[in-house]
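Novice: There's a structure below that I have some questions on.
The values are calculated or read from the model by the stated rules, or taken from the named source; none is laboratory data. Fair warning: this is a prediction, and the values are worked out from it, not measured in the lab. Glycine gets a Cβ as well: all are built from the backbone with ideal geometry, and neighbour counts include every protein chain shown.
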Amino acid sequence: MKFLSDRAHIRSFVLRKGKMTTGQRQAVDKLMPHYALTPDSPLDFSQVFGNDNPVWLDIGFGNGESIIHAAQNHPEVNLLGIEVHLPGVGRLLMAADENNLHNIRIIRNDAVDIIREFIPDDSLQAVHIYFPDPWHKKRHHKRRLVQQEFLDLIRPKLNSGGRLHFATDWQPYAEEVALLLEQNTDWLINSQTQSRYAPRPDWRPVTKFERRGQRLNHASFDLIWHKQ
């Protein structure tokens, strides 16, 4: 995979070679031309999806459970997923094809590069970041995706009132992001709860990763804020 932008920044992931099943490999070979985007200019979502429905961006979608769930339960919404790991892309492609879902598109690249270079301002209704790598060790905290620079990057991409939904099962990371958002006057806390953490909403499923954490007695924390 070649990154689309050469602009330097600390990446929030390590690109590892994961094992792929035969089905995942076949899905990548067969379905990527239909579902995948390789932008070379700012994206026109009405052209990409063939409609003017709202667009939700899912960053680091893993094996695609969250996107499939949202696409099935919210057919009135378009889902754009960004992920670097090919086995997860393959699993999402298989599920999208099996469920005959047409409101999904995929970009396999660094989300920061893609957002910076190719996502137009005021074009997203939501940005979802579910269970990103918390980079537990203090010396690695600089690799965490959600920091002030990232909030400054995504805010103009959201339309007025657009949603940022962050979920993690690592409480120190949840507290760090919550404090960061509370210090930003251009973000409004979830109006329904007016509390730091929100109940898991209907558009986010309990994923395989989250269930594994629950077996280890890890709580999950959902932060839902809106662009002011």
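Novice: Return the residue satisfying two criteria in turn: it lies in the range 47-65 and is crowded, with 23+ Cβ neighbours inside 10 Å and β-branched (Val, Ile, Thr), and of such residues it is nearest to Ile106 (Cα to Cα). It would help to see each step written out before you state the result.
Specialist: Of the residues in the range 47-65, the ones crowded, with 23+ Cβ neighbours inside 10 Å are 55-59, 61, 64.
Then keep just the ones that are β-branched (Val, Ile, Thr); that gives 55, 59.
Values: Val55: 13, Ile59: 10 Å.
Residue satisfying both the conditions and the ranking: Ile59.
Novice: OK, next. Yes or no: Val55 closer than 25 Å to Phe166 by Cβ, modelled with pLDDT under 95 and among the hydrophobic types (A, V, I, L, M, F, W, C)?
Specialist: Spelling it out, it is not the case that Val55 is closer than 25 Å to Phe166 by Cβ, modelled with pLDDT under 95 and among the hydrophobic types (A, V, I, L, M, F, W, C).
Novice: Restricting the range 174-228 to residues that are over 19 Å from Gln147 (Cα atoms) and among the aromatic types (Phe, Trp, Tyr), which is surrounded by the fewest Cβ atoms within 10 Å (Cβ to Cβ)?
Specialist: Phe209
Here is a yes/no grid of residues against (1) of a type in the set (Phe, Trp, Tyr); (2) buried (at least 20 other Cβ atoms within 10 Å of the Cβ); (3) closer than 23 Å to Ser220 by Cβ; (4) out of contact with any Cys (no Cβ under 8 Å at 6 or more places or on another chain):
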site	(1), (2), (3), (4)
Ile67	no, yes, yes, yes
Gly88	no, yes, yes, yes
Ile104	no, yes, no, yes
Glu117	no, no, no, yes
Asp121	no, no, no, yes
Lys157	no, no, no, yes
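Novice: May I pose another question? Taking the range 31-46 as the search range and keeping residues that are surrounded by 13 or more Cβ atoms within 10 Å (Cβ to Cβ) and touching a residue at least 60 places away in the same chain (Cβ under 8 Å), which one is farthest from the chain's Cα centre (by Cα)?
Specialist: Per the stated criteria, the residue is Leu31.
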